[in-house]
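In what follows, a single structure is set out as structure tokens and then discussed.
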Amino acid sequence: MAQSSMQNIAREFPVKSGVDRKDRKKLAQMLTKIVGSSHVLYAKIRGVHWNVVGPAFYSLHKMTEEQYEDLNTAIDDMAERIRAIGFSAPTGLATMMEDSIITDQTSLINANDMVQELVEDHEKMACLLRDGVGAADEVDDVKTADMLTERVGVHEEAAWMLRAIIS
């Protein structure tokens, strides 16, 4: 009897795109770190969105909604890129938190401090993404480099806008 296709597991598959397997694997590991960090940042932004209070409530509520919606799409795109270069995308929150450069928000803090943390987190993401662009450029993976370059600008702009609110 044939095995059900629903029992298949995503595994590494061969890709002949001009980028060596060892280089694609390194990029997949970098993208996994970026996806994990993005997931933790996504959760923090949602927490600010739900819990911010004070005079800047409306603007922060709207801004954080735009940021987490953008991150949701970006996370999906980056995970799909991992698959496109031949490797399995990360799964499970524990794994993503373990791979993250962003620390989890574990308690409520005042709105100013929440926003300051988001500024710092967006800057950390911009640095991590910049490292990813460099790694992709080194092995001539133009698609990954392009995708990550775009994300650098998104995080830099988010940090600027949030910083302007608390200045």
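Packing order of peptides 159-166, 121-128, highest average first: 121-128, 159-166 (average count of other Cβ atoms within 10 Å over each peptide's residues).
Round to the nearest 10 and give me the degree value, 0 to 90, for the angle of helix 57-84's Cα axis relative to the longest principal axis of the chain. On a 0 to 90 degree scale, this one is about 10. Pairwise Cα distances in segment 17-166 exceed 28 Å for 20 percent of all pairs. For segment 17-166, the number of Lys pairs separated by eight or more positions or lying on different chains, with C-alpha atoms closer than 26 Å, is 14. Taking a sphere under 14 Å around the Cβ of N112 and counting the other residues whose Cβ falls inside, with K and R at +1 and D and E at -1, yields a net charge of -2.
Only counting other Cβ atoms within 10 Å, I'd like H39, H155, H61 sorted with the fewest neighbours first.
H61, H39, H155
Counting only Cα atoms, the size of segment 75-131 along its three principal axes is 43, 25, 16 Å, in decreasing order. Against the main long axis of the alpha-carbon atoms of the chain, helix 111-138 sits at an angle near 30°. For V53 and T95, the FRET efficiency from 1/(1 + (r/R0)^6), where r spans their Cβ atoms and R0 equals 41 Å, is about 0.80. Against the chain, whose longest principal axis is taken from its Cα atoms, helix 21-51 shows a tilt of about 30°.
Read-outs throughout are calculated quantities, based only on the coordinates presented, and are distinct from any laboratory measurement. If you're wondering where the values come from, they're calculated on a predicted model, not measured in any experiment. Glycine gets a Cβ as well: all are built from the backbone with ideal geometry, and neighbour counts include every protein chain shown.
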